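All remarks here apply to the structure that follows.
Just so you know, all these numbers are worked out from the coordinates, no wet-lab data involved. Because the structure is predicted, anything quoted here is derived from the model rather than measured. FYI the Cβ positions are ideal-geometry reconstructions off the backbone, even for glycines, and counts take in every protein chain you see.
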Amino acid sequence: MATRQARLDEFPNNLPRPAGEPFELLCEDHNGTYLLPFLCRWQENGWHNSTTGQRVDATVVGWRVPLR
């Protein structure tokens with residue numbers, strides 16, 4: 001099992017977030033970190049599901065260009 005720091009290292013949060021570009025998001029809650037099962041796009045008011053457009057209601061701790 002990866003440590004929290006190892007997961008954070010895979011998802012730097014200092015990358016630019018060009019609007020409209022898809023990203024994988026690493027989120028965190030009281031249970032730990034988790035990867036959202038869908039791609040997201042940054043808009044002025046936050047992260048949104050790339051497919052549905054619904055705003056992501058989670059604590060995002062990192063993002064990266066999709067590895068898929």
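Write out the chymotrypsin sites (Phe, Trp or Tyr not before Pro) in the chain meeting two conditions: DSSP loop, and at most 14 other Cβ atoms within 10 Å of their Cβ.
Hits after loop and neighbour filter: 38.
With +1 on each Lys and Arg Cβ and -1 on each Asp and Glu Cβ, how big is the dipole of the chain about its Cα centre, in debye rounded to the nearest 20?
For this selection, approximately 120 debye.
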